[in-house]
Structures are given as structure tokens and as C-alpha cells.
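**Student:** Below is a structure I'd like to ask you about.
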Amino acid sequence: MYGALLDALPEVLGWANLLAVVVGVLSGICVGALPGLSATMAISVLIPFTFGMSPLVALGMMAGIYNGAMYGGSIPAVLLRIPGTPAAVATSFDGYPMAQKGRGGYALQVAVVSSALGGIASAIVLMLLAPPLAKVTLLFGPAEIFWVAVFGMSSIVFLLSGDIVKGLMSAAFGVFVSLIGADTISGYDRFTFGRLELLDGINIIVLLVGLYALPPAVGLLEEPKDIDASNATRLSTGSIWSAIPGMLGYWKTWLRSAIIGIFVGILPGAGGSMAAFLSWNEARRASSNPDEWGHGEPEGVAAAETANNADTASAMIPALTLGIPGTAVAAVMLGGLLIHGLQPGPMLFRSNPEIVFGFMWQFLFAAILLIFLGGSIATNSFAQVLRLPRPILGAIIIALVFIGVYSINGRMFDVYLTLGFGVIGYFMEKLKFPLPPVVLGLILGKFAEENLRLALRIGRGDWSVLWSSTTSLIIIGLTLVVVLMPILRQQVAKRRAARQP
Amino acid sequence: MKHHLTRPHPDLIAGVVVILASVLLMLRAGTMPAMTALLPFAMLGALIVLSLVMIVRALMRDADPETARPDVFDSRNRFFGVCAAIGLYVAAVALIGFYTSTAIMIPAVSWAFGFRKPVPLALATAIFVGGIALIFHVLMGQDLPAEFFAR
């Protein structure tokens, strides 16, 4: 297998293939940075134009777009708290406070380096471990996936929120929103109030933009300032190469987040958002100063960005080896393979090794190119957005919000829905309800419900199916640890304080 | 002290609103098949219980005059001004089209909220609207609400 991997390298290093990756990465960064455009959409638009190209040129552009867009999403997340892609939500938790403190440039540098490292790790795993790792997914049936979702939700609520009551309310609200629409198993409409637009549920971008982008836009216009000089004058846009040595202390976060991202990427249906959330949360849990997280901790940006890029190549593992696309982007990429006569599945590695392994090399090169292309573009160009006067910036965000939401389905209803979520988000923020649990609830709620009901169907209504496998029991154990640890820590701290005279 | 007596704690108001909404939605969930309604009931029930906890906590805090109360609005007038601007912009987009509305909204909102330099305003508007038109209309073929003169 590894001989075929090396055999594929010379062709990938051809100028046309390398240029395709460069163009892909640049386009991906721009696409990711613009709310409303996604990697899935950009690749879908690209596919018809690749008919006449060689398969490796087409796949190189797709790999570049995918990697570039995952990083590009962090640019508006850091500067404006508008996640360019859903996977960049967790980046905004610390990236935006960093920008407010005048460290937006550094946040973007951390984001680009972490994205590149996550992408490199993921590409290496894709190249070396694709077939054996694909077998790991077989250990995860509906019951195990349900517990993974419960683990994700419980950890974020108990570890993120200073106020557990409000954290739980936020998560319950998020899960409830995820349930709106036709029930995928029974087909029964839930809380659609007769609106056809709600049958498919509420798109995550609609909720994200409403909760995360509108309140800061209102905030920018509410404060009677001409220019946000504090952010602009202290914006660090120095060389990325001089900033890298200072980031080396994040190596543990990079390693942990890469592993989480790769693992989540392999799981069908999970995606970069979940990877970024779980990774951010785990990094915070492991941190010696968890209270700083959410207020501008650079490692928070590193954790989220490493994980959401580590998800990219690994999401292709089940797609290439089993023909099962785990994410929307992977599905579109499979379409790209099919139009070039390449049938995904185990036989692909035998029938077209030079293309499938060449594609893997392209993922690796795209990740490396991120530092060179993303580093200079992001920090020296996009970061200047913070120099705009606040009223202009507020007005532009309002227009971007409109574009981002309208372009999902091309209908005004989504815009009205976003305005509604914007009002809810504004009041939640003012009343100190944490917003991340809402998003995680939306991402994991329906996912958990579907897998729970699927597991119960497989077990013919017997609830013990949920804890009948060792994998399930391990995840349940981890969930209990995550829930009980903060409570036990509090108790221990109280006892210590009581003992001290 | 007077401040505490005249205005209820915002958490108390939020709790009551959440309970009312949850009860109404629960009535709707009651008509659904059992498995379809399982998670909605669980979430709405959780919201009601947690809201009650929040209300009790707010009442206890209200009883303590030393506890600080969060302010919901930085500036009430400006908040409603921004809401009105966003509402008008969305309505205008539906009526007269995206590019026309945006070309009016950016300078108008910036002017109304304190930035009153005509040249930078015109430049920012032209760059933004032109850039969006280039990317979305020319390159990506992504349609935004059509202009009134092109319908």
C-alpha cells in the first residue's frame, strides 16, 4: 500500500496539480470568509467545470477549497463574531474577545497555524491509516453515537457555564430548536405551525447568525463611538514566522485537538462543528486557567481550529474506503470522484491507486499551503476590517447577515427567522445565558434523538440496548466523569476552605 | 432600594416568558405520537423546571438589596433605533431589491449612528456593494432578491 502512496507523489508534484491546490486554497479561504458561501457550495459549483480536467487537477482544487474554507471561516468568526462556516463557531468563543482586546491579528495567526497543523495531521492519518481506521467506525452503532452526542452536550454545559441553570436552559433550548420540522422517523410535523419552510428543520446557519452575528452588530451601533480605536491601534499584524515560536507551547492542545478532530471526522454525520466544540471543551478542561477561556485565550482558538481542519481529510476515510460520506462536503466530493469515473469503495485503492493516493497527498499539500497563503492574506488583509468605523462595520454586518441567511435557500422566511433568533440572542447575552450550549444542542439534539430511536428500533424497544456494548459503557463512564468532576472539585475546594483557619 | 421595588428582576421576567411558551408548546406536543413527542416533552419540561429555579433565585436576589441587577439595555433609544433600521432594511430588500436597499442602508445607518464623512461613506458603500455583486452575481451565480427595476 505504501509503495503506491510514494508512486503517486511525482504526478501530484506536476505544476498543473500544484497550481490547482493553490487556486483551491485561495478560493476556499475567500469562500469560507464570506458568510453564506460554504465549501460544499463552492465545490458543487466547481464540479461541472472539472469535466474537461484531469481527475487530479479537479480533486486538488476540491481538497484546497475544503481546507481553505475550514480556515477561512475563522476570519469573520474572530473579527466580527460571524462564523463563516458552522465549524468556526467555537473559534469565535476566544477569537472574538481577542480581537476586542486588540489581538485579532494574533488570533488569526494562531488560527492559520492550528488549521494547517490539524489539516497536516488529518492528511497523514488519511494516507497511513485509512483502511484500518475505517474499521473503527464499525464499532459505533446508533447506541454508541447517541452516547457520543450526550457526552458532547453534558461536557459543554457543565464545563462551560459559570451558571449551570442557565447553561442547561440554553442547551435545552438548542435541543428543542433542533426538533422543529418533520420527524425523520415517523414523518410527523413538529412545531412547524403549518409553515412548509420549517419542514426540513431550522438550518444551523440561521440560528448561528441570529444568535452570534446580530447582537454584536446591534452592539456596534448602540455604542456612540466613531472608530473602535482600541482594536485598530493594537492590531498585531506582524510576520507569522516570528509569531510561531511563541505558539509552540500549544503543542498539547494541537495534539489533543488533532486526535479529536480526526476521530470525529471518521464518525458519519458528526462534522467539523462537533469536532471543534468537543476539542475546545476538552482543551479548556485540561487547562490550568479554565476561567480565562471564552475571554480571549489563544489556546481556545488553537483547539477549535486544529480540530475543524483535522476533520477534513479524516472525513474522507469512510467516504473513500466504504463509499459512505460522513459529511455534506464528503458527499459532494464523492460526486466529484464519480463524474471522473472513480467508484468510491475498497476497490478504488486497487483500481486507481495513483489517483486516490494522489488525492491524499493533495490534502497534505493544501494543509501546508495554508500557512503560506492564509498567513499573509488573513493577517495582512482581512484583519484590517477592524479599522473600519463602527457604524459602517455595523451596517456591513447587517448586510452580510442578510446575504448569509438568504443564500441558504433563497427565501425571505429564513431572514425573518434569523431576526427572531437575533432578538432572543440579544436578550440571552444581556441576561448572561451562555450561547455555546444552544448551538451544541442544535447540532447534537436531533443527531442524538435519531440515533436513540434507531437503537431502540434495533433493540425492539428494549432500552438495555443503550448500554449493552463495551464502547457504550466507556462513553457513559466518560460522561459521568465529565459531569461529576466539577461537582466533586467544588466539594473538595469547600472542605479545604473550611479546614483552613 | 427604590430601583428594586419598581422593576422586577430580568431573570424573573425571562423565567415567566419561558414557562408560558413551554406550556403552550407542550399542549401542541401532546397531540403527537409518543416517540415523536418524547424529546420535545423532556426539553420543555426541563425548561419549565429550570425556569422555576431561576425565578426562585431571582426572588431571593431581589430580597437582598446588596445584589447588583443586570442592565438589559445599554441605550434603550439606540437599541430600538437599530431594530427599526434592521426591520426597514429587510422590508426594503423584499420590496426594492438587495443591491438598491444595501446601497441606501449602509450610508443611511452609518450617518444616523454617528459616522458623517460623505467621501469615505460613499467609497465603503461602493466597494462593499460592488464586491458583493462581483462575487455573488458574476462569479458564483448566486441570486439575491431582484431589483425593482429588473423585475
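What follows draws every value from the coordinates through simple rules; no lab data is involved. Because the structure is predicted, anything quoted here is derived from the model rather than measured. Cβ: placed from backbone, ideal geometry, glycine included. Neighbour counts: every protein chain shown.
**Student:** Under the rule of at least 5 residues apart or a separate chain, name every residue whose amide H is placed under 5 Å from the amide H of residue A:190.
**Tutor:** A:181, A:182, A:183
**Student:** With only alpha-carbon atoms in the gyration tensor, what are the semi-axes of the equivalent ellipsoid for region B:55-118, in Å, largest first? It would help to have the intermediate numbers written out before the result.
**Tutor:** Numbers: eigenvalues 313, 48, 7 Å².
For region B:55-118, the semi-axes come out at 40, 16, 6 Å.
**Student:** Treat the count of other C-beta atoms within 10 Å as a stand-in for reagent exposure and order A:433, A:413, A:93 from fewest to most. Kindly include the intermediate steps, with their values, before the conclusion.
**Tutor:** On the way: A:433 23, A:413 15, A:93 27.
Going from least to most buried by this count: A:413, A:433, A:93.
**Student:** To the nearest whole percent, what portion of all C-alpha pairs in chain B is separated by more than 23 angstrom?
**Tutor:** On the way: 7245 of 11325 pairs.
When every Cα pair of chain B is considered, 64 percent fall beyond 23 Å.
**Student:** When the convex hull of the C-alpha atoms of region B:76-150 is computed, what volume per residue in Å³ does it have? Please report the intermediate quantities before stating the final value.
**Tutor:** Numbers: hull volume 6.5 nm³, N = 75.
Output value, Cα hull per residue: 86 Å³.
**Student:** Okay, moving on. If you rank B:12, B:44 by fewest surrounding Cβ atoms within 10 Å, what's the result?
**Tutor:** Ordered from fewest to most neighbouring Cβ atoms within 10 Å, B:12, B:44 come out as B:12, B:44.
**Student:** Another question, if that's okay. When all alpha-carbon pairs of the protein assembly as shown are counted, what percent fall beyond 47 Å?
**Tutor:** That tail contains 14 percent of the Cα-Cα pairs.
**Student:** For region B:2-63, build the convex hull from the C-alpha positions and give me its volume per residue in Å³.
**Tutor:** Details: hull volume 3.5 nm³, N = 62.
Given the Cα convex hull of region B:2-63, per-residue volume reads 56 Å³.
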